[in-house]
Amino acid sequence: MPVKIFDTTLRDGEQSPGVSLSVKEKVEIAKQLAKLEVDIIEAGFPIASPGDFKAVKEIAQEVSGPVIAGLARATKGDIDRAWEALQEAKKPRIHTFIATSPVHMEYKLQKDPNEVLDAAVKAVKYAKSYTADVEFSAEDAFRSDKDFLCDIFEAVIEAGATTINIPDTVGYATPEEFGGLISYIKNNVSNIDDAIISVHCHNDLGLAVANSLAAVENGAQQVECAVNGVGERAGNTALEEIALTLNTRHDYFTNQTTLKLKEIARTSRLVSHLTGMPIQPNKAIVGKNAFAHESGIHQDGVIKERTTYEIMDAQTIGLKENKIVLGKHSGRHAFKDKMEELGYKLKEEELNSAFKRFKDLADKKKEFTSLDLEAIMEDEISQV
Ligand code: KIV
Ligand code: ZN
């Protein structure tokens with residue numbers, strides 16, 4: 001069965017410090033997520049603000065294809081508001097949550113475990129009175145007692161939850177531990193086959209993608225993630241990294257996603273532009289250097305056979321091609337190719353002389369544009 005992609009760019013992603021999207025921008029991103037063919041779009045947290053409510057409502061009205069989810073705490077008021085926003089969606093989902101870790105129950109909720117379990121069951125039953133598709137999240141699941149987690153998941157599935165989500169809310173887990181937790185839940189919740197197992201990992205230690213993949217290996221069927229890995233604090237699992245890992249390593253992972261991967265680059269650029277969050281150049285998959293080669297040895301290899309130094313094809317994610325970047329480590333082969341691309345057919349001595357000039361300059365300059373290379377050639381011509 002394919003791994004479901006639950007995109008939370010518009011909800012957890014918008015919780016990135018400093019990010020605030022307008023309703024119009026959220027609808028634009030949701031339409032692009034539908035083109036990418038994500039399975040679920042978490043459009044927002046309707047009770048959080050009038051703007052969030054409006055965005056979820058407009059996305060529910062205008063965006064078709066994916067399931068549209070709205071977040072709600074385990075209270076009647078939140079669930080009513082979520083439903084008010086979602087009711088016109090073709091495929092609505094109410095996503096309700098409550099914290100289950102000792103520290104959250106004691107200090108934040110001031111409830112004991114029985115009260116939390118009771119609130120979770122009541123919330124799921126109430127959400128069920130609106131829609132068949134109900135997801136329940138045990139916030140801070142990774143730092144919760146395993147057996148309490150199993151009890152609460154069993155009870156909410158019994159109450160009608162169709163997806164149970166296991167978040168590592170504070171990004172504390174390591175892959176082996178997180179995979180182990182998924183396996184434990186799978187083996188100790190008697191009615192687990194009646195629900196989809198989902199995971200939601202944060203990236204505080206840079207392990208969100210690795211933890212999500214470990215979860216998939218241990219039976220998770222849905223991954224919650226955000227484009228460019230945006231989200232609260234250090235962010236969420238990066239959608240593009242999960243998708244391309246499952247796809248590129250189809251020899252290793254049994255299940256892939258059904259995303260239209262060619263839309264990845266466009267989606268990433270749109271989210272970066274509208275959130276105002278730049279993408280680091282060496283960011284996996286979508287950074288500007290992710291398909292760029294600078295060293296002569298690598299360039300020579302890639303020109304002869306792409307797979308010498310590339311495990312993915314840039315076109316898979318909707319880029320035109322990989323990039324040969326001329327810099328001080330570049331070799332004659334790449335230099336000659338680039339010159340030919342610019343329309344210069346060089347004889348052997350011309351190439352030698354121009355390449356020497358380029359290498360002298362390359363020690364002082366980080367990257368060469370077509371204009372720089374044309375300037376080298378102009379100099380060459382004027383010396384003759
Ligand atoms: O990180 C978290 O636990 C969440 C839940 C609301 C799913 O974002
Ligand atoms: Zn989260």
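With respect to the stated conditions, Asn352 fails to be surrounded by 11 or more Cβ atoms within 10 Å (Cβ to Cβ), closer than 28 Å to Arg269 by Cα and of a type outside the set (D, E, K, R).
List the pairs whose first member sits in region 163-186 and is under 21 Å from Asp133 (Cα atoms), whose second member is within 11 Å of ligand 1 (Cβ to nearest atom) and hydrophobic (A, V, I, L, M, F, W, C), and whose Cβ atoms are under 6 Å apart, counting only residues at least 6 apart or on separate chains? The qualifying pairs are Ile164/Phe136; Ile166/Ala141; Ile166/Val199; Pro167/Ala141. Away from ligand 1 (no atom under 14 Å from the Cβ), polar (S, T, N, Q) and crowded, with 16+ Cβ neighbours inside 10 Å: does that describe Thr162? Considered against the rule, which asks whether it is away from ligand 1 (no atom under 14 Å from the Cβ), polar (S, T, N, Q) and crowded, with 16+ Cβ neighbours inside 10 Å, Thr162 comes out as yes. Applying the criterion of at least 3 residues that are of a type in the set (A, V, I, L, M), closer than 30 Å to Val23 by Cβ and in contact with a strand residue (DSSP E or B) (Cβ under 7 Å, 6 or more places away or on another chain) to the strands (runs of 3 or more DSSP E) found wholly in region 85-199 leaves 92-99.
The residue list Val189, Val230 contains one member that is within 16 Å of ligand 1 (Cβ to nearest atom) and β-branched (Val, Ile, Thr), which is Val230. Counting just the residues of region 346-368 that are more than 19 Å from Asp300 (Cα to Cα) and part of a loop (DSSP other than H, G, I, E, B), which one comes out farthest from the chain's Cα centre (by Cα)? Of everything passing the filter in region 346-368, Lys347 is farthest from the chain's Cα centre (by Cα). Looking only at residues that are touching a residue at least 40 places away in the same chain (Cβ under 8 Å), closer than 17 Å to Pro2 by Cβ and within 16 Å of ligand 2 (Cβ to nearest atom) in region 223-277, which one is surrounded by the fewest Cβ atoms within 10 Å (Cβ to Cβ)? Among residues in region 223-277 that are touching a residue at least 40 places away in the same chain (Cβ under 8 Å), closer than 17 Å to Pro2 by Cβ and within 16 Å of ligand 2 (Cβ to nearest atom), the one surrounded by the fewest Cβ atoms within 10 Å (Cβ to Cβ) is Ile242. Of all the numbered requirements in (1) of a type in the set (A, V, I, L, M, F, W, C); (2) closer than 30 Å to Ala362 by Cβ; (3) in contact with a Leu (Cβ under 9 Å, 6 or more places away or on another chain); (4) in a loop (DSSP other than H, G, I, E, B), Val286 misses one, and that requirement is (3). Within region 2-43, restricting attention to residues that are in a loop (DSSP other than H, G, I, E, B) and within 15 Å of ligand 2 (Cβ to nearest atom), the residue that is surrounded by the fewest Cβ atoms within 10 Å (Cβ to Cβ) is Pro17. Filtered by the rule that a residue be over 8 Å from the mean Cα position of the chain (by Cα) and acidic (Asp, Glu), region 225-242 gives a lone residue, Glu232.
Every number here is computed from the coordinates shown, using simple stated rules; none is lab data. From a predicted model like this one, the values you see are computed outputs, not experimental measurements. When we count neighbours, we look across all protein chains shown, and the Cβ atoms used for this are built from the backbone with ideal geometry, even at glycine.
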